[in-house]
Amino acid sequence: MILRLRRTCGCQYVCRLQRMLLDISLSDDDIMDKFATYLKSTDSKLDVSFSALVLQSGSWPLAAANPCIPMATELVIPLQMFEQFYKRQFSGKGLTWIMAASSGELRMTYLDKPYTVCAPAHHMSILLAFNSSLCHSISFLLEHTNLEEMELMKTIQLLLDNKLLLVNEENCVCVGDLTSSSQLVLNTNYSNKRTRFKVTSFDGHDAIQEVEQTQMQSGVDVDRKLILQAAVVRVMKGRRVLQHSALVQEVSSLSTLQFRPSVALIKSVIEALIEKQYMRRSDSSPTQYHYIA
């Protein structure tokens, strides 16, 4: 795939993608293997399963990270041990943890049947606090997780919506009613049809993602139409006069290296070029086109 992209779009276009793929490959096959060897050599053992991706800062479209790591104690220890290993292995290089892009899995063994919940790191930090007690105040969670108050409230609301946590006050029905002394209780009667599930958002995040995907697809469609327009003009400029079926076939073969256009898409591009007066239909046959110099 990389070779085809490089041949079609040039080296500069795929250089960043190559670095991203290399980061993932090195993290999975090299760095994590060396980290496992390091733990054995130092007689260290992690209480949790841990995996990290070491990414080059200039290759990935990731936002600047907060230097403060808002994490539970159970999750901070693996990070600290990995940092020690990385500094020994690669002197002069630093690590900045991007917790917003981190996620993990928690096993809920306090219920009638075991569940596995997939959640971002800051969600896990709040849930892990309930290992020590079934009930905690907002102020305790604020101190335990090091999260900002606004971020903590949003996360708590999400966990309340998913029924993982409950409010130990009858008058509190939303985050706006909660105070620093409000008590949150772990829902010991939680049930779900799925034994493995993901913490879902009800605040329109999915709708935002759908809009972003639609905008991205719209941009791709525009780029493809421009590529097809260039291909049609190139073919017609060389042939001057051409039948519709022959034009569609040649344009399709020219574009195959980049994508497979549909006949309907090629037809719409031809119509657009006729309107722009790059070409015209023959007076004697509507399926024949003439190039306009």
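The values are calculated or read from the model by the stated rules, or taken from the named source; none is laboratory data. This one's a predicted model, so the numbers in the text were calculated from it and none came from an experiment. Every residue, glycine among them, receives a Cβ derived from its backbone with ideal geometry; neighbour counts consider all protein chains shown. Ligands, DNA and RNA are excluded from the accessible area calculation, which covers all protein heavy atoms including side chains. Shrake-Rupley method; radii C 1.70, N 1.55, O 1.52, S 1.80 Å.
Under 15 Å from the Cβ of Thr256, count the other residues' Cβ atoms, weight Lys and Arg +1, Asp and Glu -1, and hand me the total.
Net charge in that neighbourhood comes out at +4.
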Which residues' amide hydrogens lie under 5 Å from the amide hydrogen of Ile292, considering only partners 5 or more residues apart or on another chain, with H built in the peptide plane? Met279, Arg280
Using a Förster distance of 45 angstrom, determine the FRET efficiency expected from the C-beta separation of Asp283 and Thr200, and round it to 0.05. 0.15
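With 31 Å as the limit, write out which pairs from Lys40/Lys93; Lys45/Lys113; Lys113/Lys154; Lys34/Lys113; Lys154/Lys225 have Cα-Cα distances beyond it, or answer none.
Exceeds cut-off: Lys34/Lys113; Lys154/Lys225.
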More than 34 Å apart: what percent of Cα pairs in the chain qualify? 49
Measure off, as a whole percent, the carbon and sulfur share of the 1.4 Å-probe accessible area of the chain, all protein chains present. 52
Would you compute, from DSSP H runs of 4+ residues alone, the mean residue ellipticity of the chain at 222 nm, taking -39500 (n - 2.57) per run and dividing by the full residue count, rounded to the nearest 500? -15500 deg cm²/dmol
Would you grab the residues whose amide H sits under 5 Å from the one on Lys198? Only those 5+ places off in sequence or on another chain, please, with H modelled 1.01 Å from N. Cys118
Can you list the aspartates and glutamates whose alpha carbon is less than 17 Å from that of Lys198, not counting same-chain residues fewer than 8 positions off? Glu105, Asp161, Asp206
Rank by packing, highest mean first: peptides 257-265, 158-166, 112-120, with packing defined as the count of other Cβ atoms within 10 Å averaged across residues. 158-166, 112-120, 257-265
Per Stokes-Einstein, at 20 °C and 1.002 mPa s, what whole-number D in µm² s⁻¹ belongs to segment 69-195, with the Kirkwood radius over Cα pairs as the hydrodynamic radius? 135
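Can you give me the accessible area per residue for the chain, using a 1.4 Å probe, in Å²?
64
What FRET efficiency would be calculated for the residue pair Asp33, Cys11, taking the C-beta separation as r and a Förster radius of 35 Å, to the nearest 0.05?
The pair Asp33/Cys11 has a calculated efficiency of 0.70.
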What residues of segment 241-281 lie in the reach of a label at Ile292, counting those whose backbone N is under 11 Å from a point 7 Å from the Cα along Cα→Cβ? 273-281
Each residue of segment 104-115 in turn: what ³J(HN,Hα) in whole Hz from Karplus with 6.51, -1.76, 1.60 and θ = phi - 60°, glycine and Pro shown as x? x, 10, 10, 9, 9, 9, 9, 9, 4, 9, x, 10
Between Tyr115 and residues 5 or more places away or on another chain, which pairs have amide H atoms under 5 Å apart, with H built 1.01 Å from N, and which residues are they? Met108
